[in-house]
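Structure first, commentary second.
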Amino acid sequence: MDAKDWLLLRILEEDGRMDVREIAALADLDEEEVESRIAALEESGVIRAYCASIDWEKAGEDTAAATVNLKVNPERDFGYDRIAERIARFPQVRSLRLISGVYDFELLVTGRNLQEITRFVSEEIATLDQIRETATILVMKTYKENGRILFERKEGERLPFSF
């Protein structure tokens with residue numbers, strides 16, 4: 001990978017649906033080279049997938065989210081990997097990270113409401129043999145996700161400023 005590949009990745013991370021012509025202009029490459037480089041990045045697995053950022057509230061879908069921190073007993077010879085693979089298979093788990101500090105894993109869990117999330121954590125996650133402790137933190141509002149600011153300011157609206 002060279003500097004142009006890195007630039008293409010940044011451009012696609014910001015807008016995965018950008019037209020090849022626009023990408024070529026931004027990267028100072030011809031369209032054929034952009035297509036070839038993107039295909040190589042996809043084939044090598046550097047580009048894993050293209051995703052849409054969806055405002056479920058605007059789509060008329062009630063959703064709730066929570067961060068769930070877990071303390072786990074790692075498995076002999078497998079460490080954290082095997083339990084992570086098991087937890088990652090639940091569709092309610094939107095992200096799963098091994099973290100440092102007091103807890104071992106951080107999950108982002110979604111559901112239709114808080115009760116659904118609570119039920120999922122208590123019945124599916126907390127009951128797994130390797131789980132020692134859970135801590136669930138309700139997400140009240142998301143302002144930025146995956147590098148994208150999610151709120152819209154009205155034209156001419158200014159942020160408050162004070163000394």
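Quick look at the values:
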read-out	value
Cβ-Cβ under 9 Å pairs, at least 6 apart or on other chains, region 3-24 side touching a residue at least 24 places away in the same chain (Cβ under 8 Å) and under 11 Å from Glu35 (Cα atoms), far side open to solvent by less than 60 Å² (accessible area, probe 1.4 Å) and part of a helix (DSSP H, G or I)	Leu8/Ile23; Leu8/Ala27; Leu8/Val34; Leu8/Arg37; Leu8/Ile38; Leu8/Leu41
Failed condition for Phe90, given (1) open to solvent by 100 Å² or more (accessible area, probe 1.4 Å); (2) in contact (Cβ under 8 Å) with a residue 24 or more places away in the chain; (3) under 24 Å from Phe120 (Cα atoms); (4) part of a loop (DSSP other than H, G, I, E, B)	(1)
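The values are calculated or read from the model by the stated rules, or taken from the named source; none is laboratory data. All of these numbers come straight from a predicted model, not from anything done at the bench. Here Cβ is always computed from backbone atoms with ideal geometry, including for glycine, and neighbour counts include all displayed protein chains. These area figures cover heavy atoms from the full protein model, side chains too; ligands, DNA and RNA do not enter into them. Shrake-Rupley method; radii C 1.70, N 1.55, O 1.52, S 1.80 Å.
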